[in-house]
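Engineer: One structure follows; several queries about it will come next.
The values are calculated or read from the model by the stated rules, or taken from the named source; none is laboratory data. Note that this is a predicted model, so its numbers are computed, not measured. Note: ideal-geometry Cβ built from the backbone for every residue, glycine included; neighbour counts use all protein chains shown.
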Amino acid sequence: MSDFSLPPDWLTPDWPAPAGVHALCTARSGGVSTGSYASCNLGDHVGDDPAAVRTNRTRLTDTLRRVTPGAAPVFLKQVHGNGVLALAPGMADGAEADACVTTAAGVACTIMVADCLPVLLTHTSGAVVAAAHAGWRGLAGQGAQAHQGVLEAVFDRFSAIALDLIAPVAINNIASVGKSASSAVAAETLAWLGPCIGPTAFEVGGEVREAFCATDPAAAACFVASTELPGKFLCDLAGLARLRLQALGITRIYGNDSSSPWCTVTNASRFFSHRHGSAQGGGSGRFAACIWKG
């Protein structure tokens, strides 16, 4: 997918996606919203003019259809959990989930963010794609599900679908080399991490650090103690996601490397940032990452 027709600042993932798999990530530009929502706010729950949001969503749909005729994004009601929805053609917006997966052509798995991390997945066969909304709560998992965050949940569904599409001979080959079925899928999975709040801007309390370090001591490397506020830490959200993906066996990870160009807060003129908007006394729109087959 070429980015020649995209509005300024929109991104196309730089990754070796299989033929027929397309992805993009919007930015603030390219829409009609005004004020703190300027200009391509895609969130219909943040106080923006509903007509402007509809126009912005139509523009996103039109962009997808320039690549794949008939393609359309499906917007979720995201709740910082680990629910996963399988998308089918004609599905309405607004179902409650924080991740989605599909094998259907033209159905765009779509995640809205404004500091949280969007994660896109594709199998190298191109048979299945997925997207996840990874804020710290969804990423960590909560309570009895502390080991099952949104990335684990979406990969469970993703890998089950991928295995259903693998020929029996391939499954036998997996067994013959001693690999589990899910690890074999992970080895053939690509992940792309989009823009999110960066490690110099994401200040969190000790409870956030404990939520990750209690289940993975390696997560401690993603937290730096604040030199100004006792008990506070600077958190590398994208780094935590990379650890979670690697633990699943997904090592082909692209996009956000935790460097400054990916930070939504320090690049708030390019991307929507809830934290930056709140600090300025205003609201914030939402941008989106999409992945689809076509």
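Engineer: Only one of these is within 25 Å of I166 (Cα to Cα) and over 13 Å from the mean Cα position of the chain (by Cα): A130, A108, A88, A95. Name it.
Structural biologist: A88
Engineer: Can you work out which of the residues in the stretch 129-142 that are at pLDDT 95 or above and surrounded by fewer than 24 Cβ atoms within 10 Å (Cβ to Cβ) is nearest to A268 (Cα to Cα)? Spell out how you get there, then give the answer.
Structural biologist: In the first step, residues of the stretch 129-142 are kept if they are at pLDDT 95 or above; the result is 129-140.
Restricting the remaining residues to those that are surrounded by fewer than 24 Cβ atoms within 10 Å (Cβ to Cβ) gives 135-137.
Working: G135: 18, W136: 20, R137: 22 Å.
Out of the qualifying residues, it is G135.
Engineer: While we're here: Of the conditions (1) part of a loop (DSSP other than H, G, I, E, B); (2) touching a helix residue (DSSP H, G or I) at 6+ places or on another chain (Cβ under 9 Å), A17 clears all except one; give me its number.
Structural biologist: (2)
Engineer: Considering (1) modelled with pLDDT of 95 or more; (2) under 21 Å from L139 (Cα atoms), say which one T215 fails and leave the rest.
Structural biologist: Failing condition for T215: (1).
Engineer: Continuing with this model, one more query. Which condition number in (1) at pLDDT 95 or above; (2) assigned to a loop (DSSP other than H, G, I, E, B); (3) not hydroxyl-bearing (S, T, Y) is the one that R209 fails?
Structural biologist: (2)
Engineer: While we're here: Give just the number: which of (1) without any contact (Cβ under 8 Å) to a residue 60 or more places away in the chain; (2) surrounded by 14 or more Cβ atoms within 10 Å (Cβ to Cβ); (3) not in a loop (DSSP other than H, G, I, E, B) does A23 not satisfy?
Structural biologist: (1)
Engineer: Six or more apart or on different chains, Cβ under 8 Å: which pairs go from a residue in the stretch 46-66 that's of a type outside the set (D, E) to one that's surrounded by fewer than 14 Cβ atoms within 10 Å (Cβ to Cβ)? Could you list them?
Structural biologist: Sorted first by the residue in the stretch 46-66, then by its partner, the pairs are A52/T34; T63/S5; R66/S5.
Engineer: Suppose we filter D115, D62 for residues that are of a type in the set (D, E) and either within 13 Å of the chain's Cα centre (by Cα) or assigned to a strand (DSSP E or B) (or both); which single one remains? If you could, list the steps in order and put the result at the bottom.
Structural biologist: On the way: D62 fails: either within 13 Å of the chain's Cα centre (by Cα) or assigned to a strand (DSSP E or B) (or both).
None of the other options fit; the residue is D115.
Engineer: Restricting to the stretch 46-63, what's the tally of residues that are touching a Cys at 6+ places or on another chain (Cβ under 8 Å) and buried (at least 22 other Cβ atoms within 10 Å of the Cβ)?
Structural biologist: 2
Engineer: Give the residues of the stretch 276-294 that are in a helix (DSSP H, G or I) and farther than 19 Å from D9 by Cβ, sorted by residue number.
Structural biologist: Within the stretch 276-294, the subset in a helix (DSSP H, G or I) is 276-279.
Scanning the stretch 276-294 gives S278, A279.
Engineer: Here is a list: A92, A108. Which entry is hydrophobic (A, V, I, L, M, F, W, C) and either assigned to a loop (DSSP other than H, G, I, E, B) or at positive phi (or both)? Even if it seems obvious, please write down each step before you answer.
Structural biologist: Working: A108 fails: either assigned to a loop (DSSP other than H, G, I, E, B) or at positive phi (or both).
When all the criteria are applied, what remains is A92.
Engineer: Restricting attention to the stretch 220-261, which residues are assigned to a helix (DSSP H, G or I) and touching a residue at least 60 places away in the same chain (Cβ under 8 Å)?
Structural biologist: Answer for the stretch 220-261, where residues must be assigned to a helix (DSSP H, G or I) and touching a residue at least 60 places away in the same chain (Cβ under 8 Å): L237, A238, L240, A241, R244, L245, S260.
Engineer: I would also like to ask the following. In the stretch 26-45, how many are in contact with a Phe, Trp or Tyr (Cβ under 9 Å, 6 or more places away or on another chain) and surrounded by 20 or more Cβ atoms within 10 Å (Cβ to Cβ)?
Structural biologist: 9
Engineer: Without any contact (Cβ under 8 Å) to a residue 40 or more places away in the chain and of a type in the set (G, A, S): which single residue out of A92, A131, A86, A104 fits that description?
Structural biologist: Working: A131 fails: without any contact (Cβ under 8 Å) to a residue 40 or more places away in the chain; A86 fails: without any contact (Cβ under 8 Å) to a residue 40 or more places away in the chain; A104 fails: without any contact (Cβ under 8 Å) to a residue 40 or more places away in the chain.
Sole residue among the options that is without any contact (Cβ under 8 Å) to a residue 40 or more places away in the chain and of a type in the set (G, A, S): A92.
Engineer: When the stretch 193-218 is examined, which residues are found to be in contact (Cβ under 8 Å) with a residue 24 or more places away in the chain and among the acidic types (D, E)? Walk me through it before giving the result.
Structural biologist: Of the stretch 193-218, the ones in contact (Cβ under 8 Å) with a residue 24 or more places away in the chain are 193-206, 208-209, 211-212, 214-216, 218.
Hits for the stretch 193-218 are E203, D216.
Engineer: Quick check, is F272 part of a strand (DSSP E or B) and farther than 30 Å from A162 by Cα? So that I can check it myself, show each step before the final result.
Structural biologist: Values: part of a strand (DSSP E or B): no; farther than 30 Å from A162 by Cα: yes.
No, not satisfied.
Engineer: In the stretch 96-103, is there at least one residue being in contact with a strand residue (DSSP E or B) (Cβ under 7 Å, 6 or more places away or on another chain), among the charged types (D, E, K, R) and crowded, with 24+ Cβ neighbours inside 10 Å? If you could, list the steps in order and put the result at the bottom.
Structural biologist: Of all residues in the stretch 96-103, those in contact with a strand residue (DSSP E or B) (Cβ under 7 Å, 6 or more places away or on another chain) come to 96-102.
Now restrict to residues that are among the charged types (D, E, K, R): 96, 98.
Applying the additional criterion that residues be crowded, with 24+ Cβ neighbours inside 10 Å yields 98.
Yes: the stretch 96-103 contains one or more residues that are in contact with a strand residue (DSSP E or B) (Cβ under 7 Å, 6 or more places away or on another chain), among the charged types (D, E, K, R) and crowded, with 24+ Cβ neighbours inside 10 Å.
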